Amino acid sequence: MEWKGFTSFQLKFIMTIFMLLDHIAQFIPGAPIWFHYIGRLVAPIFFYLLVEGFYHTRDRIQYMKRLYIGALFMFIGSSLLDTVIFPQEGYGIPNNIFLSLALGIHLLYFIESIKRKESTKDKRIEKIKAIFIGFLSLFSEASFLGLGMVLIFYFFREDRKKLSVGYLLLSSFFIFSMPLTYENLFLLNYQWMMAFALPFFFLYNGQQGRKVKNFFYIFYPLHIWILYSIGYFMS
C-alpha cells in the first residue's frame with residue numbers, strides 16, 4: 001500500500017511524544033539535553049496544524065472558544081499547583097500553549113474579517129483588533145515565534161517556497177542574534193532547531209485521521225502537572 005503522508009492525528013501523536021520528552025527535560029533533573037532538541041519541533045507543527053484547522057473546521061468560533069477555555073483551565077490549575085500545593089520559590093509553570101494557539105486563531109479570525117468588510121471604517125476597526133491581538137500574543141508562551149508562524153503559515157499557505165523561506169528565516173533569528181559558539185547553539189539557545197520541523201509540514205496529507213480531539217486538551221495540562229509534581233519531590 002502506498003504511503004500518503006501523515007494525517008493531522010498522526011502528526012499530533014508524534015509531536016505529543018516529542019513534547020513529553022521536552023517537558024521531562026524541563027521539569028525532571030538530570031534528563032538529557034537532547035530531549036529539548038526534539039522538543040523544538042513540537043510547537044511549529046501544532047501552529048501549522050492550527051492554521052490548517054482554521055480552514056477545515058466547521059465552526060471557527062467554537063474552535064477558538066475551546067482553546068481559550070483550555071488556556072483558562074491550564075492557568076487556574078498551574079497557578080494552584082505552583083503557588084499553593086507545591087510552591088517553589090523562583091520557579092513555576094510557565095507553560096500554556098493553549099493561550100498562544102487561541103490568540104493565533106483569534107488573529108486569523110480578524111484578518112479574515114478585514115477581507116469581508118466593505119467600508120473603510122469597518123476595515124480600520126478590524127485592523128485595530130487584529131493588531132491588538134497580535135500584540136497580546138507577544139506576551140504568551142510562544143511570543144513572537146507563535147505570531148510569526150501563524151502569519152507565515154496563513155499568508156504563504158498556497159506557496160511552499162515562500163513558506164519555507166519565511167519559516168527558515170524565522171528559525172535562523174536565533175543563530176544570527178548570538179555569537180556562533182557551541183555553548184550558545186547547543187547548550188543555551190537551541191530554539192533554531194525548530195527549522196527541522198519544516199519537512200513535516202509537507203508530509204501532512206490534509207486529512208484529519210482519527211477523531212480524538214479531547215485527548216490533546218486533557219493530556220497537555222495533565223502531563224505538565226504530573227511532571228512538575230515529580231520534579232518538586234526530586235528537587
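The values are calculated or read from the model by the stated rules, or taken from the named source; none is laboratory data. None of these values were measured; they are calculated from a predicted model. Methodologically, a virtual Cβ is constructed for each residue, glycine included, from the backbone with ideal geometry; neighbour enumeration extends over all protein chains shown.
Points to keep in mind about this one:
- Test: residue in the stretch 200-215 that is surrounded by 14 or more Cβ atoms within 10 Å (Cβ to Cβ), in contact with an Asp or Glu (Cβ under 8 Å, 6 or more places away or on another chain) and of a type outside the set (S, T, N, Q): yes
- Out of 69, 45, sole residue that is among the β-branched types (Val, Ile, Thr), out of contact with any strand residue (DSSP E or B) (no Cβ under 8 Å at 6 or more places or on another chain), within 30 Å of residue 113 (Cα to Cα) and crowded, with 20+ Cβ neighbours inside 10 Å: 45
- Answer residue from the stretch 163-187, given it is closer than 23 Å to residue 47 by Cβ and touching a residue at least 24 places away in the same chain (Cβ under 8 Å) and is surrounded by the fewest Cβ atoms within 10 Å (Cβ to Cβ) among those: 168
- Looking across the stretch 92-150, just one residue is among the hydroxyl-bearing types (Ser, Thr, Tyr), loosely packed, with under 15 Cβ neighbours inside 10 Å and modelled with pLDDT of 95 or more, and that is 143.
- Exactly one residue out of 232, 154, 167, 220 is in contact with an Asp or Glu (Cβ under 9 Å, 6 or more places away or on another chain), in a helix (DSSP H, G or I) and within 24 Å of residue 16 (Cα to Cα): that is 232.
- Residues of the stretch 6-25 include at least one that is under 18 Å from the mean Cα position of the chain (by Cα) and loosely packed, with under 13 Cβ neighbours inside 10 Å.
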